[in-house]
1. Considering Cα pairs under 8 angstrom that are at least six residues apart, work out the relative contact order of the chain and quote it in whole percent.
2. Roughly what angle does helix 57-66 make with the longest principal axis of the chain, taking Cα atoms, 0 to 90 degrees, to the nearest 10?
3. Report, to the nearest 10°, how far helix 18-34 tilts away from the longest principal axis of the Cα atoms in the chain, using its own Cα long axis and a range of 0 to 90°.
4. Considering only DSSP states other than H, G, I, E and B, which trypsin sites (Lys or Arg not before Pro) in the stretch 21-68 qualify as loop sites with at most 11 other Cβ atoms within 10 Å?
5. On a straight-distance basis, which lysines could pair with LYS63 in a cross-link, Cα separation under 16 angstrom, same-chain partners fewer than 8 positions away excluded?
6. For the chain, what does the helix formula give at 222 nm: sum of -39500 (n - 2.57) over DSSP H segments with n ≥ 4, over the residue count, nearest 500 deg cm²/dmol?
7. Give the Rg (one decimal place) followed by the Dmax (whole number) of the stretch 2-66, computed from C-alpha coordinates and expressed in Å.
Amino acid sequence: MGDFLRRNKNLRRPRKTGVARRRRQKLHRQRLLALGVPAEQVRTMDSARMRLLLKRPNKLANKRAKQP
């Protein structure tokens, strides 16, 4: 019975923390601002939308460059 917990990696893997999540979101916001997304739009954006936009950063940067 003792080997089960030692060998099952799924039960021993580290969990994500709130601090790490907030750090990642802050980094995502900085990346979006660097790509030219307006600050007001970034501030109101949720995390799923940020991740969706950052999947294709070149496409986002090209789209922002074409807008006047």
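1. Numbers: 24 pairs, mean separation 17.2, N = 68.
Value for the chain: 25 percent.
2. 10
3. 20
4. Numbers: sites: ARG21, ARG22, ARG23, ARG24, LYS26, ARG29, ARG31, ARG43, ARG49, ARG51, LYS55, LYS59, LYS63, ARG64, LYS66; in loops: LYS55.
Answer in residue order: LYS55.
5. Candidates past the 8-residue exclusion: LYS55.
6. Working: 5 runs with 46 residues, N = 68.
Taken over the chain, the calculation gives -19500 deg cm²/dmol.
7. 17.6, 61
No lab work stands behind these numbers, since they all come straight from the coordinates. Note that the structure is a prediction, hence the values are computed from the model and not measured. FYI the Cβ positions are ideal-geometry reconstructions off the backbone, even for glycines, and counts take in every protein chain you see.
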